[in-house]
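One structure below.
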Amino acid sequence: MTKKLVLGAMALALVVVATPAFADRVSSSQKGSLLVFSKVDIRWDASGNVIQDTFIDITNDYTAGVNVQMYFVNGDGPCAFEGSRHHNFWNSVDVGIFLTQNEPTYWSALTGLPKGVSPFTILDPGNPPGRPDPDGSGDRVLRGFVVAWAVDATGHEIKWNHLKGDVTIVNYLNGAAWEYNAYAFQTGTTWTTAPTGQVLNNSGTLLLDGLEYEQGFDLLLLDFYATGSTAFSGPVPVTLDTDLTLFPLAMDFRQETTGPVTTKASFTVWNQNEVKLTGMDRCVTCWDEALVSTYGVPNHFLLVNLQTNKGKAQIDGLASQVCNYDYDPSDGLALGQDPRDVVSQAASLLGVAAKQLSFSRGAEYALAGTNLVGMGLQSGMIQADIQGTPPPELNSKPGKVGRTPSNGTGSATPSLE
């Protein structure tokens, strides 16, 4: 073997050794200790009749039972008063469940049944249900997402890489449905050899940093068909649009919360001719869902702008003055010193996309959804109050002392009655 070939083989060996055996990041095709259900969407017509529900599935694929701490999150922001009714926004509710060994379970977001959990409507109750759809469809909606992670009996997060989740969204009006898998985070490299059930920490801060839990993505990749495209047309014309959901992997569910995170979703788009299109941004606070046809100017999702049927978009969560907001510019305070100000930050993003296909033969309608593909690594964080910590016991009674000295010095110990 020549010297050049030997050096080449050594270099290849070094590359193989240096390459990690796993990416150490979130996936939608694995089990995990922490699950994120990207989209929950309940809809009613203008008369309050249910036209869409979301069914949430969780499976414990292990030979022992486990507690699961969940947070239901209202994804929509402020909206107008309806008479005297004020709508909650960007709020969350903690909900706990217990999964027995090898238990698969599911429930309706609308009713909480059959598992028997709180319905998603606990986030914004009232009559009529939901709020007017921000997309202007005429529907009433309640929508957002769910985060769930394994905990011990006192509410501390634990290693339990055996949870699997998925969601099915059923539209009764259009006779259509679609599903997606939950994003699953396994525990990180610090806990590689730890046993199942190992407590990770007791602070209520879940670090998605590759050490405690796996990391999020640096960029998302959306593969899409342009709105206005007839790519799927055959014997009958087919029109389509894409419903896109995005949210930052930075969440604060504490009672004394610092509020939802705002980031700028920056889109870099290429069409089929490899023409690059930039300048399309969207501010995302807490959670965002919209048809891409309703995006602002410029909108590279439209066929008239993209100029080809197919396109791809890289999406990056960035800090930007475009998304900053000074609540009271006349207060003399720098941006961010007033807690009501909005200061955007760079954040890892997660999301799902659903194609909406409409056929020309009347009310025929179809949906097809998928998680967004991720690239690179970026950390995230979830903050929550520890749930389930037992109250302290009264270890002594005033005025009573025990009969036995504590250490032979003559000082008595309190009676533990």
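The values are calculated or read from the model by the stated rules, or taken from the named source; none is laboratory data. These figures come from a predicted structure and were not determined experimentally. Glycine gets a Cβ as well: all are built from the backbone with ideal geometry, and neighbour counts include every protein chain shown.
Only residues that are touching an Asp or Glu at 6+ places or on another chain (Cβ under 6 Å) and among the polar types (S, T, N, Q) were counted across segment 51-73, and they come to 2. Entry remark, segment 194-235: residues being over 25 Å from Ser266 (Cα atoms) and not aliphatic (A, V, I, L, M) number 16 in total. Candidates Gly332, Gly374: the one that is over 27 Å from Leu173 (Cα atoms) and buried (at least 17 other Cβ atoms within 10 Å of the Cβ) is Gly374.
When you check Asn91 against the structure, is it more than 15 Å from the chain's Cα centre (by Cα) and among the polar types (S, T, N, Q), yes or no? Give the steps one after another, and end with the answer.
Numbers: more than 15 Å from the chain's Cα centre (by Cα): no; among the polar types (S, T, N, Q): yes.
Answer is no for this residue.
Do we find that Ser348 is buried (at least 17 other Cβ atoms within 10 Å of the Cβ), in contact (Cβ under 8 Å) with a residue 40 or more places away in the chain, within 30 Å of Ile97 (Cα to Cα) and in the same structural domain as Val238 (by TED's automatic domain parsing) in this structure? Spelling it out, Ser348 is indeed buried (at least 17 other Cβ atoms within 10 Å of the Cβ), in contact (Cβ under 8 Å) with a residue 40 or more places away in the chain, within 30 Å of Ile97 (Cα to Cα) and in the same structural domain as Val238 (by TED's automatic domain parsing).
Before we move on, is Arg340 touching a residue at least 12 places away in the same chain (Cβ under 8 Å), among the basic types (Lys, Arg) and surrounded by 17 or more Cβ atoms within 10 Å (Cβ to Cβ)? Outline the logic, then answer.
Numbers: touching a residue at least 12 places away in the same chain (Cβ under 8 Å): yes; among the basic types (Lys, Arg): yes; surrounded by 17 or more Cβ atoms within 10 Å (Cβ to Cβ): no.
So Arg340 does not fit the description; no.
Among the conditions (1) more than 30 Å from Ala313 (Cα to Cα); (2) assigned by TED's automatic domain parsing to the domain that holds Val68, the only one that Phe253 does not satisfy is (2). For segment 66-79, which residues satisfy the criterion of being surrounded by 13 or more Cβ atoms within 10 Å (Cβ to Cβ), more than 11 Å from the chain's Cα centre (by Cα) and either among the aliphatic types (A, V, I, L, M) or more than 14 Å from Gly144 (Cβ to Cβ) (or both)? Within segment 66-79, Val66, Asn67, Val68, Gln69, Met70 qualify.
Residues satisfying the criterion are absent from segment 43-61 (criterion: assigned to a loop (DSSP other than H, G, I, E, B), free of Cβ contacts under 8 Å to residues at least 60 places away in the same chain and surrounded by 19 or more Cβ atoms within 10 Å (Cβ to Cβ)). For Phe247, are the conditions met, namely being within 19 Å of the chain's Cα centre (by Cα), outside the structural domain of Val36 (by TED's automatic domain parsing) and not small (Gly, Ala, Ser)? Yes: the conditions hold for Phe247. Among the criteria (1) touching a helix residue (DSSP H, G or I) at 6+ places or on another chain (Cβ under 9 Å); (2) in a loop (DSSP other than H, G, I, E, B); (3) crowded, with 16+ Cβ neighbours inside 10 Å, the one His87 does not fulfil is (1). Taking segment 62-84 as the range and being in a loop (DSSP other than H, G, I, E, B) and at pLDDT below 95 as the test, the residues that pass are Gly77, Pro78, Cys79, Ala80, Phe81, Gly83, Ser84. When residues in segment 95-135 are screened for being buried (at least 16 other Cβ atoms within 10 Å of the Cβ) and part of a strand (DSSP E or B), 9 of them pass.
Against the condition crowded, with 20+ Cβ neighbours inside 10 Å, small (Gly, Ala, Ser) and within 21 Å of the chain's Cα centre (by Cα), how does Gly216 come out, does it pass? In short, yes.
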